[in-house]
Structures are given as C-alpha cells and as structure tokens.
Amino acid sequence: YVMSSMPIKDLVAAFGEDVTPGRVRDTASALPYRDFITAGLLLRTPGLQAMPKIPDTWIYIQERDMHVGRIQIFNNWSPYLIHDRHNHLWMGLEYFCNEGDALWRLSDQDFITMAQQELRRTGIPGGMADVEDATVIRERKAYPAYHGSYAELPEVTGWLDGIPNLFCIGRNGQHRYNNMDHSMLTAMEAVSN
C-alpha cells in the first residue's frame, strides 16, 4: 500500500505521461496553491506576567497596508513550547504569498525586519519587546486553493481512486484545505481501512 500526502499535482506528474490520461495530467498540473511564510520571533519580555494576557492562539490581521495575515502565539498552544515562558513570547507572523513573489524573494534578514516592524504596528502586547532570536520558514504549496482547475478535480481523484493500493491523505494529498487535525485523521482512517 502507498499513502501519499504529497500534492496531487506532484503525485500525478510522478506517474509519467505513459500512465496518466492527458486530461487528468493537465487538470492536476494546473491545480492552484498558496504558499506560506512564517517569521518566528522570540521576544524577550521581562515581567511578562504583568502584561495583559493575550488569550488567543491566532490573531488575524486585516489591515490593508500590512503584509502579515495572521499572528500565532505559540506560548498559548502550550507553555512547554518555550524554554523560559515567564520572560519570553514566541510569536509566528504568518504571510500568505505565492512562490517567487516579492515577499518570497525577500532575504531572511529583510523578512525578519519587516515582521518586527509590522508586529510593532499591531499594538499587540509584547510587540515592542526586544527580539532575542528569529527564524524564517518558507512553505511551498501550504494551502490548496479552490479556483483554476479545481472544478475538474473529481476527474483526477476518480482516476487516482482507481489505483487500489493508493491512499491519498492529508491536506495536499486530497487537495482539501482541512485543518491539521482532520488532515491527520485521513491518515488514521487510511490505516484503519
């Protein structure tokens, strides 16, 4: 049995032209995705306990003059995700983009600088703190999109379903923007089957 969580676009291409019907191949190759960049900022915030508590794990940013789309506060997922949770905030500033666009091409240092500036502009508690460490993670094909050739996806999945020992799992394996819990559940269901 084969369980594939790779993007359907790539899976179909891997079968090669001799095996894949032309229409299936064309539809799969045109499936759209959004890419994603996270700027992780470790903020030194002595006296964090005195600051107003931010109860959320995600905060969506909708300011038109900012690039950041969402801020994730890792401390709120679990206090064990950070070594010194009493004096630090670990935030991920999340950017939705397309591979090769202006955001994607920024150097890591320029990206971190932009993320710091945007965090300050939000006014979120801790946003003015000193950045002790930072990282940038670029993720290709993070989000399957529902435009372009997506309307013809049933023809592709129908062809893939005809392969009896293949299970397409996860967000990209099904070209379905599920949350991560549901995406992991697809793998568990495939194993059960």
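The values are calculated or read from the model by the stated rules, or taken from the named source; none is laboratory data. Please read all numbers here as calculations on a predicted model, not as lab measurements. In this analysis, Cβ positions are derived from the backbone assuming ideal geometry, glycine residues included, and neighbour counts consider all displayed protein chains. Just the protein is used for accessible areas: all its heavy atoms, side chains included, with ligands, DNA and RNA removed. Shrake-Rupley method; radii C 1.70, N 1.55, O 1.52, S 1.80 Å.
Pairs are defined by a Cβ separation below 7 Å, a sequence spacing of at least 6 or placement on different chains, a first member in region 79-102 that is open to solvent by less than 20 Å² (accessible area, probe 1.4 Å), and a second member that is of a type outside the set (Val, Ile, Thr) and in a loop (DSSP other than H, G, I, E, B); the pairs so defined are Leu89/Gly126; Leu89/Ala129; Glu94/Gly69; Tyr95/His67; Tyr95/Gly69. Considered as a group, the residues in region 1-52 that are over 17 Å from Tyr150 (Cα atoms) and of a type in the set (S, T, N, Q) include one that is modelled with the lowest pLDDT, and that residue is Gln49. Residues in region 114-149 that are over 21 Å from Phe96 (Cα atoms) and either touching a residue at least 24 places away in the same chain (Cβ under 8 Å) or crowded, with 18+ Cβ neighbours inside 10 Å (or both): Pro125, Gly126, Ala129, Asp130, Val131, Glu132, Asp133.
Could you please find all residues in region 71-87 being within 19 Å of Ile59 (Cα to Cα) and not aliphatic (A, V, I, L, M)? Within region 71-87, Gln72, Phe74, Asn75, Asn76, Trp77, Ser78, Pro79 meet the criteria. The condition of being touching a strand residue (DSSP E or B) at 6+ places or on another chain (Cβ under 9 Å), closer than 21 Å to Ala30 by Cβ and not aromatic (Phe, Trp, Tyr) does not hold for Ala151. When you check Arg64 against the structure, is it under 30 Å from Gly148 (Cβ atoms) and loosely packed, with under 14 Cβ neighbours inside 10 Å, yes or no? Yes, satisfied.
Taking the criterion of being over 21 Å from the mean Cα position of the chain (by Cα), touching a residue at least 12 places away in the same chain (Cβ under 8 Å) and either surrounded by fewer than 18 Cβ atoms within 10 Å (Cβ to Cβ) or part of a strand (DSSP E or B) (or both), the residues of region 21-45 that qualify are Pro21, Arg23, Asp26, Leu43, Arg44.
Within region 1-20, the set of residues being open to solvent by less than 30 Å² (accessible area, probe 1.4 Å), closer than 22 Å to Thr186 by Cα and not in a helix (DSSP H, G or I) comprises Ser4, Pro7.
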